[in-house]
1. Need the failing condition index for residue 339 against (1) at positive phi; (2) in contact (Cβ under 8 Å) with a residue 60 or more places away in the chain, just the number.
2. Consider residue 133 carefully, then state whether it is small (Gly, Ala, Ser) and either surrounded by 14 or more Cβ atoms within 10 Å (Cβ to Cβ) or modelled with pLDDT of 85 or more (or both).
3. Yes or no: the range 373-386 includes at least one residue that is buried (at least 18 other Cβ atoms within 10 Å of the Cβ), farther than 30 Å from residue 37 by Cα and either in contact with a Ser or Thr (Cβ under 8 Å, 6 or more places away or on another chain) or among the basic types (Lys, Arg) (or both).
4. Between 186, 258, which is more than 27 Å from residue 323 (Cα to Cα), of a type in the set (Gly, Ala, Ser), surrounded by 19 or more Cβ atoms within 10 Å (Cβ to Cβ) and out of contact with any Pro (no Cβ under 7 Å at 6 or more places or on another chain)?
5. Would you check which residues across the range 194-224 are part of a strand (DSSP E or B), closer than 25 Å to residue 387 by Cβ and among the hydrophobic types (A, V, I, L, M, F, W, C) and list them?
6. Could you grab me the full set of residues in the range 189-211 that are of a type in the set (A, V, I, L, M, F, W, C) and surrounded by fewer than 15 Cβ atoms within 10 Å (Cβ to Cβ)?
7. For the range 55-74, check the following and say yes or no: at least one residue is of a type in the set (Val, Ile, Thr), at pLDDT below 90 and surrounded by 15 or more Cβ atoms within 10 Å (Cβ to Cβ).
Amino acid sequence: MKLPVEDYGELVDRVRDRIRLHIPPGSVVLIASKGDEALVRLDGYRAWHFPQTETGVYAGHYPADSAAAIGHLRDLQSCGAQYLVFPWTARWWLDHYVDLARHLTTVHASLVADDGVCLIFELREDAASGADGADDTARINAAAGLSEEIDATLATPLRLAAPRPAAPRRILTILARFGTNQYPRAEPDIDEIFERQLPEVQRTVIVVDNASPRHFVERRPNGALIGGDNQAREFSAFDCALDFVGRSIWSYDLVHFATSAFRTLYVAYLDRFDAEVLGAINGRPVCLGHVDCYNEAIEVMTYRSQHWVRSCFFFLSPTEVKALGRFAFVNDGHRFFSGNPDAPFRPDAPISPNYREYIAKWLAGVDIGQGVAWHSGFALTDEALEAFEHKTVSILNEQLLGIRLRALGCRLIDVTWLSRQLRRQSPAEIPWSTSWRQQLANRDADSLRVPIHPGAALSTV
């Protein structure tokens with residue numbers, strides 16, 4: 001169809017504006033995107049393609065008929081979808097899928113109908129379970145005034161209770177490695193942590209070996225060993241595992257991400273992961289791990305940040321994992337690297353001078369001001385340039401992971417801080433909005449007070 005706006009990019013911007021204006025931040029939004037990643041790239045929202053495959057990517061084809069479209073919509077509702085958006089270029093859906101249009105206007109609620117921009121429907125929760133169309137018929141009759149009077153007490157809106165602390169019963173572990181030469185005991189060491197600290201948990205373990213071919217799969221009694229994609233180190237490995245798992249991710253209470261190097265540097269925080277701590281975050285929009293920081297804020301792309309969660313050992317709920325989409329945000333360094341070991345970053349690279357300095361010093365094994373140095377430092381030479389760039393991509397993705405999670409409303413929580421808080425109060429009483437500075441300063445071990453430089457604004461990012 002011909003666009004009612006001069007430029008498709010302008011339409012995308014207008015659709016985003018309507019979403020921000022009418023849909024609460026943090027909501028799960030389905031978009032009839034036709035596979036356009038720009039439409040589902042919405043900071044502050046969990047935007048999903050509609051329709052999509054079991055792995056969450058665009059399906060690549062349209063539903064066969066209205067029944068298939070409605071069934072797919074119900075499936076996605078059961079996974080947490082709350083709104084459905086049709087950009088004006090997808091307006092034809094409601095003409096072609098007549099029963100879908102009737103379903104949306106009678107079972108759900110029309111929220112926005114902006115000619116030339118988009119249509120937005122708010123999805124009613126009780127419609128997700130309709131299996132045979134009887135509920136739809138009742139709603140259509142009600143809309144026509146044919147239903148009997150309903151007892152007013154049944155119309156009282158439901159109120160959702162706060163998440164109840166419950167120890168997770170099923171956890172999916174994703175372990176990223178590159179062969180077993182450097183860290184041969186990574187997998188058994190993780191097994192020992194769970195056996196010692198979480199003995200009641202049922203686990204599935206997906207080991208992603210980035211040294212193996214992408215198509216490699218070895219089934220195991222408790223999971224699988226699969227080949228990976230080392231383009232973005234552990235982050236592309238995490239994506240490979242999530243593609244492999246598909247929709248079965250929803251059968252787990254939490255997803256545990258780890259790398260084979262998880263026992264390097266400071267490791268005492270690993271003892272804090274137990275049933276009480278994980279039960280406290282179960283059902284909450286939280287990323288739980290060890291929070292690290294720089295002494296001053298850095299800038300990368302269009303973002304400003306100072307803290308992150310170590311990517312070598314952390315936990316997320318399936319909802320947050322699916323909301324994030326892909327873990328590998330930066331897949332190559334063409335925007336960042338010059339190819340010159342004497343000045344490895346491009347002059348126009350979207351990264352602040354102090355961040356360049358932090359990265360260069362850290363990878364050289366130099367202390368960046370906190371009394372610790374990287375365990376695998378190396379001199380930056382022509383021969384080492386590729387390794388430098390590869391590791392830098394991983395550092396950028398680690399920082400951007402925290403930034404992207406926070407944009408979705410997911411808080412970064414330090415496990416040592418949380419463990420201390422739970423000795424004094426219940427999960428419902430935990431001040432979950434506590435800033436990262438306060439969390440680090442109030443650890444009961446290895447507390448850290450980050451200096452505020454003269455003239456600098458207090459960083460909460």
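The values are calculated or read from the model by the stated rules, or taken from the named source; none is laboratory data. Since this is a predicted model, take the numbers as computed values, not measurements. Because the Cβ atoms are built from the backbone with ideal geometry, glycine has one as well, and the counts that use them run over all protein chains shown.
1. Of the numbered conditions (1) at positive phi; (2) in contact (Cβ under 8 Å) with a residue 60 or more places away in the chain, the odd one out for residue 339 is (2).
2. Numbers: small (Gly, Ala, Ser): yes; either surrounded by 14 or more Cβ atoms within 10 Å (Cβ to Cβ) or modelled with pLDDT of 85 or more (or both): no.
Judged against the criteria, residue 133 is not a match.
3. Checked the range 373-386: no residue is buried (at least 18 other Cβ atoms within 10 Å of the Cβ), farther than 30 Å from residue 37 by Cα and either in contact with a Ser or Thr (Cβ under 8 Å, 6 or more places away or on another chain) or among the basic types (Lys, Arg) (or both).
4. Numbers: 258 fails: more than 27 Å from residue 323 (Cα to Cα).
Exactly one residue qualifies, and that residue is 186.
5. Of all residues in the range 194-224, those part of a strand (DSSP E or B) come to 202-209, 217-220, 223-224.
Still in the list and also closer than 25 Å to residue 387 by Cβ: 207-209.
Those that are part of a strand (DSSP E or B), closer than 25 Å to residue 387 by Cβ and among the hydrophobic types (A, V, I, L, M, F, W, C): 207, 208.
6. Restricting attention to the range 189-211, the residues satisfying the condition of being of a type in the set (A, V, I, L, M, F, W, C) are 190, 193-194, 198, 201, 205-208, 211.
Result: 211, single match.
7. Of all residues in the range 55-74, those of a type in the set (Val, Ile, Thr) come to 55, 57, 70.
Next, from what is left, pick out any that are at pLDDT below 90: 55, 57.
Then drop every residue that is not surrounded by 15 or more Cβ atoms within 10 Å (Cβ to Cβ), which leaves 57.
Yes - at least one qualifying residue is present in the range 55-74.
Residues checked against (1) more than 19 Å from the chain's Cα centre (by Cα); (2) at pLDDT 95 or above; (3) within 30 Å of residue 387 (Cβ to Cβ):
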{"site": "165", "(1), (2), (3)": "yes, no, no"}
{"site": "176", "(1), (2), (3)": "no, yes, yes"}
{"site": "183", "(1), (2), (3)": "yes, yes, yes"}
{"site": "192", "(1), (2), (3)": "yes, yes, no"}
{"site": "243", "(1), (2), (3)": "no, no, yes"}
{"site": "250", "(1), (2), (3)": "no, no, no"}
